[in-house]
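Undergrad: Here it is, the structure in full.
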Amino acid sequence: MVKHMPKKTYMMEELRSAPSKPVPTVPAEIAAAVAAALAEHRQQPGALLPILHTLQASLGHVPDAAVALLADALNLSRAEVHGVITFYHHFRRTPSARVTVQVCRAEACQARGGDALAAHAERSLGCAFDRHDGGGDVALESIYCLGHCASGPSIAIGGQMHANVTPARFDALIESCNSAPAQRIDAGASSDGGAAAVASHGVVDSKQSTGMAAGGVTTVYVPCDSTALALGADAVAAAIAAEAQGRGVAIELVRNGSRGLFWLEPLVEVATPAGRIAYGPVVPEQVASLFEAGFLHGGAHPLSLGPTEAIPYLQRQQRLTFARIGIVDPRSLNDYLRHDGYAGLRRALAMTPAAIVDEVTASGLRGRGGAAFPTGIKWKTVLGAQSAQKYVVCNADEGDSGTFSDRMVMESDPFMLIEGMTIAGLAVGATYGYIYVRSEYPHAIATLNAAIEAARHAGYLGENLLGSGRRFDLEVRQAAGAYVCGEETALLESIEGKRGLVRAKPPLPAIAGLFGKPTVINNVISLATVPIVLARGAAFYADYGMGRSRGTLPIQLAGNIRYGGLVELAFGVTVRELLYDIGGGTASGRPIRAVQIGGPLGTYLPEAQFDVPLDYEALAAIGGVVGHGGLVVFDDTVDMARQARYAMQFCAAESCGKCTPCR
């Protein structure tokens, strides 16, 4: 028989006198950076991820020497801190190279020549992907979706995005880095959530004037959407401002959002008595000729597209959620209000929580992130849960290749999302919210932060919403590169500062969600649609669509397609109509072999199934999913077996590793 040794009982005096584990000497620079990050974020719930982002922004990486300091300060084990750092792709444990080049390897870019560009990058730089071990001159990294899926292949150099990149343009961009003064051009996080990157693009000042002149001021619109920026919109805006100044012409230059016609970006619009006139795609070298042609008055030019609203791609759409996008200045609260902004919130403030939930339920709005669960039913569960604290969480971890509608909302109409979350808070009794945004979207993060501050200052967020005595506030929480955090419970774990491991259900997040409290979790598009439902009524919204799929869906056309962009239509349009009548077929001119719908976990439809309507139930009947509404097109040169292998490799790489099958 094995004798059990008696357990030793330690007295508190013994524990206090026991020698502590020695902490290695930490370099002063690291200790100072850790102290600064802790001072900035330590009081936040789930502070570890914000602290790590700030630390990496300061040092360029998260050194191992910081682990013990963070663990002791946050009352965590070193294993917990180390586990979080190594779980997320975004965090680096070694110093970066002087130049970090990230090439998108996702399906939409593959379909547009991304594999050839990746091979060229390896040859041109003389290094392999993802083999960097710290320091050095250049590092080549794979990244899975930068959100420019209609304009690939896309790359990022030091966090600066570039789209429609050919091998020749790649070499030119690298040459410009090599000829720049020696400095580290890193792709690490910025502690301001991307404000520095946005400021470098000139987007922070969304309006500027070249001065007054006789004849008044003409308003010119140049998008600040990140895909437009990746295609050269800032250079075009600068050229227009300089040309106007040189000619003594007064203009007001407004940085609007993108209309979603990405093959025409940078798309310049001019306000005329007859409405906005569009020109595109514009490059800086063409700006002088636009002025010569009298484009400030809608003059004829080879780039002229006529009235923007009459462009066929836009004219046939049914824009409800995207009604303001591309029209307003995304950072102007006044512009939002002039275009019916906050009408939904004002109505909601006069309703009971149950009445708000009933309105959303009657509209037929379902989750737009993939699961398609009825939004009103989810809200009703949270409303009925008894708790002194409840939360609203927006899932903006838009990771599927071929999707960019969430990004467009956050960059082009952020007040709409803020309004939708505020209405959700009123409906369920929540007083605080989080927008969880992927780290690959620095412009979205910066735009949201600016809009939140403006809304708070004007009384649309905070302790006393529009003098109603009701309160709701929110913040942006930056993700760190983990596809699995698009799953709602993994996302909650991440906000709490942990590894993004999927939770077992029950309990549902509606009962025990963020920090164990009842939580509404909805996708960006779901929440952004709520304002129009409240403003126009449930019946108005439910009048669109078919069957159980009510309302409209922002559809994203990406990959090898001639007219890639955003199309908002009522449910019921067929895949064939989208690909040919709207998308114009392939960009290569070859036949379409297959279209991926629903991301890497979705399905590939062959041509024989293109007549299926885009509808949750119709696609499910043939084994498909609507997902987030992204369609990635491949022509007949695609190797479908290779795509299948890629999907499995991607899922293996992005698994959280919690469950045995994935391990």
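Undergrad: Out of the range 579-596, which residues are under 24 Å from Leu320 (Cα atoms) and either at pLDDT below 95 or part of a loop (DSSP other than H, G, I, E, B) (or both)?
TA: Initial filter on the range 579-596 (under 24 Å from Leu320 (Cα atoms)): 579-584.
Within the range 579-596, Gly583, Gly584 meet the criteria.
Undergrad: What is the number of the single condition among (1) at pLDDT 95 or above; (2) open to solvent by 10 Å² or more (accessible area, probe 1.4 Å); (3) under 13 Å from the mean Cα position of the chain (by Cα); (4) not aliphatic (A, V, I, L, M) that Asp400 does not meet?
TA: Result: Asp400 passes all but (1).
Undergrad: Kindly indicate whether any position in the range 447-457 is over 29 Å from Thr54 (Cβ atoms) and surrounded by fewer than 20 Cβ atoms within 10 Å (Cβ to Cβ). Walk me through it before giving the result.
TA: Taking the range 447-457 first, the residues over 29 Å from Thr54 (Cβ atoms) are none.
For the range 447-457, residues over 29 Å from Thr54 (Cβ atoms) and surrounded by fewer than 20 Cβ atoms within 10 Å (Cβ to Cβ): absent.
Undergrad: Given the options Leu305, Leu314, name the one that is within 27 Å of Pro531 (Cα to Cα) and either touching a Cys at 6+ places or on another chain (Cβ under 8 Å) or not in a loop (DSSP other than H, G, I, E, B) (or both). Give the steps one after another, and end with the answer.
TA: Working: Leu305 fails: within 27 Å of Pro531 (Cα to Cα).
Answer to the selection: Leu314.
Undergrad: I would also like to ask the following. Looking at the range 37-66 only, could you name the residues that are within 19 Å of Gly500 (Cα to Cα), β-branched (Val, Ile, Thr) and assigned to a helix (DSSP H, G or I)?
TA: Within the range 37-66, just Ile51 meets the criteria.
Undergrad: Residues being assigned to a helix (DSSP H, G or I) and under 11 Å from the mean Cα position of the chain (by Cα): count how many of those fall in the range 425-445.
TA: 4
Undergrad: Separate question: From the set of residues in the range 472-496 that are in contact (Cβ under 8 Å) with a residue 60 or more places away in the chain, more than 19 Å from Asp400 (Cα to Cα) and not hydrophobic (A, V, I, L, M, F, W, C), which is least open to solvent (accessible area, probe 1.4 Å)?
TA: Once the filter is applied, the top-ranked residue is Arg477.
Undergrad: While we're here: Go through (1) in a loop (DSSP other than H, G, I, E, B); (2) open to solvent by 20 Å² or more (accessible area, probe 1.4 Å); (3) in contact (Cβ under 8 Å) with a residue 40 or more places away in the chain and name the single condition Gly469 misses.
TA: All conditions pass for Gly469, except number (3).
Undergrad: So how many residues does the range 161-172 have that are in contact with a strand residue (DSSP E or B) (Cβ under 9 Å, 6 or more places away or on another chain) and open to solvent by 30 Å² or more (accessible area, probe 1.4 Å)?
TA: 2
Undergrad: Given the options Ile356, Ile377, name the one that is at pLDDT 95 or above, over 21 Å from Arg477 (Cβ atoms), open to solvent by 10 Å² or more (accessible area, probe 1.4 Å) and aliphatic (A, V, I, L, M). Show your work before the answer.
TA: Details: Ile356 fails: open to solvent by 10 Å² or more (accessible area, probe 1.4 Å).
Step by step, each of Ile356, Ile377 is checked, and only Ile377 is at pLDDT 95 or above, over 21 Å from Arg477 (Cβ atoms), open to solvent by 10 Å² or more (accessible area, probe 1.4 Å) and aliphatic (A, V, I, L, M).
Undergrad: Here is a list: Val625, Val632. Which entry is open to solvent by 10 Å² or more (accessible area, probe 1.4 Å), within 28 Å of the chain's Cα centre (by Cα), closer than 19 Å to Asp397 by Cα and not charged (D, E, K, R)? Lay out the reasoning, then the answer.
TA: On the way: Val632 fails: open to solvent by 10 Å² or more (accessible area, probe 1.4 Å).
Going through Val625, Val632 in turn, just one is open to solvent by 10 Å² or more (accessible area, probe 1.4 Å), within 28 Å of the chain's Cα centre (by Cα), closer than 19 Å to Asp397 by Cα and not charged (D, E, K, R): Val625.
Undergrad: Touching a Phe, Trp or Tyr at 6+ places or on another chain (Cβ under 7 Å), acidic (Asp, Glu) and either part of a strand (DSSP E or B) or closer than 30 Å to Tyr221 by Cα (or both) - does that describe any residue in the range 327-350?
TA: no
Undergrad: A further question on this structure: Just to be sure, is Ser142 under 29 Å from Ala396 (Cβ atoms), in a loop (DSSP other than H, G, I, E, B) and in contact with a helix residue (DSSP H, G or I) (Cβ under 9 Å, 6 or more places away or on another chain)? Walk me through how you get there before you give the answer.
TA: Values: under 29 Å from Ala396 (Cβ atoms): yes; in a loop (DSSP other than H, G, I, E, B): no; in contact with a helix residue (DSSP H, G or I) (Cβ under 9 Å, 6 or more places away or on another chain): yes.
Taking the combined requirement at face value, the residue does not satisfy it.
The values are calculated or read from the model by the stated rules, or taken from the named source; none is laboratory data. Source: prediction; values computed, not measured. Ideal geometry is used to build each Cβ from the backbone, glycine not excepted, and the neighbour counts take in all protein chains shown. Accessible surface areas use protein heavy atoms only, side chains included; no ligands, DNA or RNA. Shrake-Rupley method; radii C 1.70, N 1.55, O 1.52, S 1.80 Å.
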